[in-house]
1. Is region 161-172 home to any residue that is assigned by TED's automatic domain parsing to the domain that holds residue 79, part of a loop (DSSP other than H, G, I, E, B) and of a type outside the set (Lys, Arg)?
2. Is there a residue in region 352-366 that is in contact with a strand residue (DSSP E or B) (Cβ under 9 Å, 6 or more places away or on another chain), assigned to a loop (DSSP other than H, G, I, E, B) and farther than 23 Å from residue 242 by Cβ?
3. Can you name the residue in region 430-445 that is under 28 Å from the mean Cα position of the chain (by Cα) and not aliphatic (A, V, I, L, M) and, of all such residues, is modelled with the lowest pLDDT?
4. Identify, please: which residue in region 77-116 is aliphatic (A, V, I, L, M) and more than 25 Å from residue 276 (Cβ to Cβ) and is, among those, surrounded by the fewest Cβ atoms within 10 Å (Cβ to Cβ)?
5. Filtering region 143-155 down to residues that are outside any helix (DSSP H, G or I) and in contact (Cβ under 8 Å) with a residue 12 or more places away in the chain, which residue is nearest to residue 215 (Cα to Cα)?
6. Among the residues of region 62-72, is any crowded, with 24+ Cβ neighbours inside 10 Å and on the phi > 0 side of the Ramachandran plot?
7. Could you tell me whether residue 128 is modelled with pLDDT of 95 or more and in contact with a Leu (Cβ under 6 Å, 6 or more places away or on another chain)?
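The values are calculated or read from the model by the stated rules, or taken from the named source; none is laboratory data. Since the structure is predicted, the reported quantities are computational estimates derived from the model, not experimental observations. Here the Cβ is made from the backbone with ideal geometry for all residues, glycine too, and neighbour counts use every protein chain on show.
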Amino acid sequence: MAISDLNSQFSSSSQSFFNTPQILSHSLSYIGAVVYLYSFKSCHKWISMKVLHTSDWHLGSLLHGHKRYDEYEHFLDWLVEQIKEEKIDILLIAGDIFDTSTPSNRTQELYYQFLNRVAKIPHLQVVVTAGNHDSPSLLNAPKDLLRQLKIHVIGSITSNITDEVLVLRNEKRSIPLIVCAVPYLRDRDIRSTEPGESIEDKARKLQEGIRDHYEQVWTVAKSIRRELADNVPVIAMGHLFLNGCLASCDDGVRELYIGNLAGIKAEMITQGFDYLALGHLHTPCMVGGNPCCRYSGSPLPMGFGEAGTKKKIIVIDFQNSDISIREIVIPCLRELKKIQGDFPTIEAEIRDLCQTGKKVWIEVKVESEFNASSIQSRLRELVEKSSVEILKIVNEPLMEKALRQMEEGENLGDLDEKDVFSRCLAENGIPDEEREDLLNLFQEILVEVKENDLYAE
């Protein structure tokens, strides 16, 4: 019942105070409503909200050509159970849901089946933001439908900044939580181009654009919080690289921006947020040691550079004016392992792994010189009829010899686009003083190509 209705009923009832026995119930209702509003505005003990932070699923990713659907199904099944057991109110997925902007039908099926399952969990709300690997159009296409299931999708920067600021409540309808759902901020969305700009000018504009965007969502969130209560928590999401964390050497983290913009200073975007839920880096870490500003990391190791790394989800519990943060280790369906040494050492380690019965993918680096084909056949024989699989074999002495011989026989799969372009510059005798500018321009083109949304009109 609205307050205006209560006022009207109270006034009419007061005219016949002595003749209307219902006045007592009307009065109590009016007083109860006023007490509710007062409590909503100022009572600190009403806050109770549990949030789960995850990111960088990279659904559909391959590892040296091997599909990983069974690992993703295992993770998503486990995640659904964690949401139920932990009684999560809000699930945050901070970008890179898919590994490519054109995910396969099976990959999309994994995503939508998961959303269908969590939509059935009472009182749960979900916030999904896009990462640099995602197609904004693909994510945004069903967002109006998903909103009816309490799943909020922000696939790209919005024309109205208030659309990125969500007010979410738990089942108790207590003081809510505000989420600034900022997606990956694409170069063209936050930076205007001008003729004759230097790489430094472009990098500076990018930093300013990112900073300004977070200032805008913070301003909106502050305004909303003033209308609710001073103790309403505000969480910001982001998919970017903040200084203060390191990416592993080969975990598939794609460069986001151009030139020398390696990362953004955390203080440029932290504002007054109670927690910053970040995506982009695949290894869990706190930015500058701040427990309230962190990357959850990917649920699966993206490459052998992450072998042995414990993957995690983050649970943030808001109780009264306190915030507690816990990490939960994700169970591993298939282990990644790097084995290095001479052939007898490698052979012994592989035999031991085969006896464990565990599912393991291996990268082998042989330090003694053998014929490549004989090494491969002998190692394949070792793992035959076991749950151990060798994905990559590197014969270091032979590789070094091949590289010394003008890199004859080098595997193109070991190089990225920048490596190839750098080799082209060297092959064509481009002077060293010109190479840095050319590499920066090439990186700018590369970012533009990778940000192209194939699902857009």
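1. If we filter region 161-172 for residues that are assigned by TED's automatic domain parsing to the domain that holds residue 79, which is where we start, we get 161-172.
Still in the list and also part of a loop (DSSP other than H, G, I, E, B): 169-172.
Then keep just the ones that are of a type outside the set (Lys, Arg); that gives 170-171.
Yes, region 161-172 has at least one match.
2. Taking region 352-366 as the starting set, the residues that turn out to be in contact with a strand residue (DSSP E or B) (Cβ under 9 Å, 6 or more places away or on another chain) are 353-354, 356, 358-366.
Adding the requirement that they be assigned to a loop (DSSP other than H, G, I, E, B) leaves 358-359.
Next cut, farther than 23 Å from residue 242 by Cβ only: 358-359.
The answer is yes, given that some residue of region 352-366 is in contact with a strand residue (DSSP E or B) (Cβ under 9 Å, 6 or more places away or on another chain), assigned to a loop (DSSP other than H, G, I, E, B) and farther than 23 Å from residue 242 by Cβ.
3. 444
4. Checking each candidate, the answer is 80.
5. To start, the set of residues in region 143-155 that are outside any helix (DSSP H, G or I) comprises 148-155.
From what's left, in contact (Cβ under 8 Å) with a residue 12 or more places away in the chain: 149-155.
Working: 149: 30, 150: 26, 151: 25, 152: 22, 153: 21, 154: 18, 155: 20 Å.
This residue is 154.
6. Initial filter on region 62-72 (crowded, with 24+ Cβ neighbours inside 10 Å): none.
For region 62-72, residues crowded, with 24+ Cβ neighbours inside 10 Å and on the phi > 0 side of the Ramachandran plot: absent.
7. no
Residue by residue, here is whether (1) part of a helix (DSSP H, G or I); (2) in the same structural domain as residue 91 (by TED's automatic domain parsing); (3) in contact with a Ser or Thr (Cβ under 9 Å, 6 or more places away or on another chain) holds:
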| position | (1), (2), (3) |
| --- | --- |
| 180 | no, yes, no |
| 194 | no, yes, no |
| 201 | yes, yes, no |
| 205 | yes, yes, yes |
| 208 | yes, yes, no |
| 212 | yes, yes, no |
| 215 | yes, yes, no |
| 218 | yes, yes, no |
| 222 | yes, yes, no |
